[in-house]
């Protein structure tokens, strides 16, 4: 693919390496499905209004996942995202899982791991707002120091070795959420 703007309608397959330069745009339409495998070098804006699913790496932080849109890690290999805005759902349904790096504005969004899958917040990741959830045997964990700001937890969140910088937010009343801390932690009172 060249580095121009694209608008895709269902179904579409993006495979191999796609380079989108600054100022370019790749947009999926409402109700569309894009099957993804490979590397998406995103210096422009990737806007999802449908379902974007598969495995590989989406680099750059100009990812926009709109309300009711889904980015689904549904493969046996990992889908890696590098920051952006989520007003829909970022989910793992495949055994490869979903790895999240960098910062996410997740104010009205959901990040979830469904049965037999996992979401890993990688060292340095920041989640601002929204809901972090697990369903069934799904796992939500961190790998190193992460920041969770004004998030709602539903399910189990496990953090391994490393320091958790912050968790701000609330557990819903009568919540089934559990927070499991393993390793060394620096906890401080909320301001």
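Label zone of residue 150 (point 7 Å out along Cα→Cβ, amide N under 14 Å): in the range 95-123 this covers 104-109. Put a dot 7 Å past the Cα of residue 108, heading toward its Cβ, do the same for residue 143, and the two dots end up 3.2 nm apart.
What length, rounded to one decimal in nm, is gained on full extension from residue 158 through to residue 76, with 0.36 nm per residue of separation minus their alpha-carbon distance? List each step's numbers first, then the result.
Numbers: separation 82, 0.36 × 82 = 29.52 nm, distance 2.18 nm.
Stretched out fully, the residue 158 to residue 76 stretch lengthens by 27.3 nm.
No value in this document is a laboratory result; all are computed from the given coordinates. Computed from a predicted model, the values in this text were never measured in an experiment. Here Cβ is always computed from backbone atoms with ideal geometry, including for glycine, and neighbour counts include all displayed protein chains.
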